[in-house]
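Data first, discussion second: the structure below is written as structure tokens.
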Amino acid sequence: MDQSSLNNYAAERLRVGMTPEALKQNLLAVGWSDEEAGAAIVAGLVASGVPTPKAGVRASGGKLSSTVEVVLNFFSFIALCIVSTSLGVLYYQVINHYFPDPLIIRYGGVDVSAEAIHYAIAALIITFPIYAFALRLWFKRFRDDEEKVETRLTKWLTYLVLLVTAVAIVGDLIVAVFYFLQGEITARFFLKALTILVIAGTIFDFYFLERKKIQYKKDIPRRIFQGIGWFVLGSVVVAIVLGFTVGGSPNTARKQGLDTQRANDLREIAGCVANFGGNQKRLPDTLDELSSSGQYAYCSARLADPETGVPYEYRVVSHGAVISGVREGAFELCANFTLESDGDVAANSAYGYPGDKWVTHGAERSCDTEKANLERYLDQPPETSAAETVPQAIPAIPPRKI
């Protein structure tokens, strides 16, 4: 039977008093698809004299979603990507903090990034409420108008989300089982795998129920969606609180930034003093000598604390001691830091080499000593003239008397 014959059959059944719901169930039972059954019922209703609107109607009988609703749905998927990614990054950073990788720390790597934590927190604070509002408005449109149907674009986007989350769940489980069989599973890895599983599983469950509610018009209790929403909200709030605990508050981030600037200033000043000593063969008495000389004018912007404007402390420890033919001068630089540096990060740089001394500091006043080479080659013998280097003539041996 072709579609036209099916339409005639549907029109005849409707004329004798069969309800559209009963007719659709009969057609589905014998193998007709949902779209074909719906189109036949629409054709039968039209043939029986039911008036149709001039616009906004498609073959399945519902009002097509407006452009605004399509854009709203598309925007919600973009917000979903931002929220899920930020949530995963935030939990990963928290796990890295409480379960650090000893190999990364040993070779001077940074396992926790305060910048990544603060960016993820900012993304969640801004994007999550927008995403929740977009979803609420999307459901409200279909709840207020039960005849509304969505476009193919929104359907395909939703099924694409389901496909991606399903692949993520399967891939996450495969990797978890693989590492378990290898005997290398740790609490750090297990928690990260669980994070991916929970995020992807929650998204899959939500949009699976959304398809049943929006596309197939199933009666899904509203409290189920509300329960998922409260669970996600709680996960976001916990992640933000843990993020502030690990990454620090905005005030802490401000103090860390100022301390980093102070360490950079001391490093630059030490280089300027070393250059001055090498050129002038002495250490400057005060840092004002650097700013007064045009040759070291680039150092003048580094001589004072970035927050208080008070000059850094400078003191000459030794004007010069000859060691292995090199006259070395020693000087001390001090600054008032606000926070104590992270000892594990500051102690090592890349590949396990000793870290920068200026990065390691305590809270309040902290000082470090630096050396500068003032003169070299002091133990070399004086150079001789060319005449002195000409060999003397060997005296003649007198003849032996007989």
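Since every read-out is calculated from the coordinates, none of them should be taken as a lab result. Treat the numbers as computed from the prediction; the structure is a model and nothing was measured. So basically every Cβ, Gly included, is an ideal-geometry build from the backbone, and we count neighbours across all protein chains shown.
What translational diffusion coefficient, to the nearest whole µm²/s, does the stretch 251-375 have by Stokes-Einstein, given a Kirkwood radius computed over alpha-carbon pairs, a temperature of 4 °C and 1.567 mPa s viscosity?
Numbers: Rh = 15.3 Å.
Reported coefficient: 85 µm²/s.
When Lys and Arg each count +1 and Asp and Glu each count -1, what net charge do the other residues less than 14 Å away from LEU6, Cβ to Cβ, add up to?
Numbers: positive: ARG13, LYS24; negative: ASP2, GLU12, ASP34, GLU35, GLU36.
Residues close to LEU6 contribute a combined charge of -3.
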Per-bin percent of Cα-Cα distances, the stretch 64-248 [5 Å]: 1, 7, 14, 17, 18, 14, 11, 7, 5, 3, 1, 0, 0
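Per-residue counts of other Cβ atoms within 10 Å, averaged by peptide: what ranking do you get for 20-28, 267-275, highest first? Before the final figure, lay out the partial values.
On the way: 20-28: 14.8, 267-275: 18.7.
With the highest mean Cβ count within 10 Å placed first, the list reads 267-275, 20-28.
For the stretch 3-58, which semi-axes, largest first and in whole Å, follow from the square roots of 5 times the eigenvalues of its Cα gyration tensor?
Numbers: eigenvalues 65, 36, 18 Å².
Listed largest to smallest, the semi-axes of the stretch 3-58 are 18, 13, 10 Å.
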C-alpha center-to-center spacing [the stretch 264-309, the stretch 72-91] in angstrom: 49 Å
